[in-house]
Structures are given as C-alpha cells and as structure tokens.
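A short write-up of the structure that comes next.
Derivation of every value follows stated rules applied to the coordinates shown; laboratory data play no part. If you're wondering where the values come from, they're calculated on a predicted model, not measured in any experiment. Every residue, glycine among them, receives a Cβ derived from its backbone with ideal geometry; neighbour counts consider all protein chains shown.
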Amino acid sequence: MELAELTADVFVKARALGERAWQLAEVAEGTVRLDPQRVTQAMVQLAQNAVQHTARGTAVRIGSRRCPTRRTVELYVADSGPGVSGADAELIFERFRRGTARRGSRGSGAGLGLAIVKAIAEGHPSGRVELRTTAGGGATFVLVLPEAVPDRPEQEEEER
C-alpha cells in the first residue's frame, strides 16, 4: 500500500466528520505492508475522537512520516483540544474506559474506540499506538507500524 495514498484517503474521510480546520500536516512516501482497511478504521476513529474533543473551526492535523532509524512509519492525528491528563493516559486505551476530563466532548460512547485503535495497531507486527503531547496544547495519537517489508526475497537482496 502506498503510504501517501493511505494518508490522503484518511484525510478525505476525516474531513467529513466535522467542521474543523483540517490540515494535512505531512505525507510520507513509499510502500508499506499493512491492513489498509483496519488502519483507515483506526485513523478515522482517532479523527472522530479529535472532533469530539475540539470546537468547530479548531485545527486538527493528520499526517504520516517514516522513522528510518527505528524502521517504522507513523500515522497520526493531532488536535488542539484539552489534551489528556496523566492519570487518564494510563486507562484510555482499555475497553469500556474513558478519560475523566470530558471537557469539550460532543458525545458519549461505550469507551471502545481507543481500545479498537490499540487492537488494530497491535495486530501489526511490533505495532502500537502512542499518546503524545501536542505543542501548544491538545493530544497527538500516533499509530507506530513496521516499515515496508519487501514483497519478494530477491527485492530485499537488491536493496542491500
């Protein structure tokens, strides 16, 4: 799957979720081996969370980047909402758990969204989801997935 195409597809789907100042922050190039439907599902869920925790017109950034030293790619959603407290950061990825700070929330849920995102990330070899602080306030949720794996053994030899 082309990472740029996946990032752009997620961006288009996310823009339909709410009136925010959607930004395509960065787009990585190259091919990655992942489940595009599941990754799109996870990213759209992260974008939905951003909509629930931000006001109309606020910035929500979507992007992807390669991390060659760690041999991973990152796909992320960054918002400018209230952020996530340290205590909540430990539990928001658990099933049926939600953060205590629901300031700016536009809905209620069963607390499954981030647990599903975590399961999708961990369904990829060495995959994970991380919560990072957003400069200026807010939260950045990052899917960290393995970098491209050659389709054919001879391709790996050519790249060496």
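The stretch 113-132 and the stretch 1-39 have Cα centres lying 16 Å from one another.
Quote to one decimal, in nm, the extra length available between ARG70 and VAL27 on full extension: 0.36 nm per residue of separation minus the C-alpha distance between them. Please list the in-between numbers first.
Values: separation 43, 0.36 × 43 = 15.48 nm, distance 1.80 nm.
This chain segment gains 13.7 nm when fully extended.
Here the stretch 1-79 was treated as a single set of alpha-carbon atoms; its pair distances binned every 5 Å from 0 give 3, 17, 29, 24, 15, 8, 4, 1 percent. In this simple spin-label model, placing a label point 7 Å from the Cα along the Cα-to-Cβ direction at both SER85 and ARG128 gives a separation of 2.5 nm.
A Förster radius of 22 Å, combined with the Cβ-Cβ distance separating GLN37 from LEU112, puts the computed FRET efficiency at roughly 0.75.
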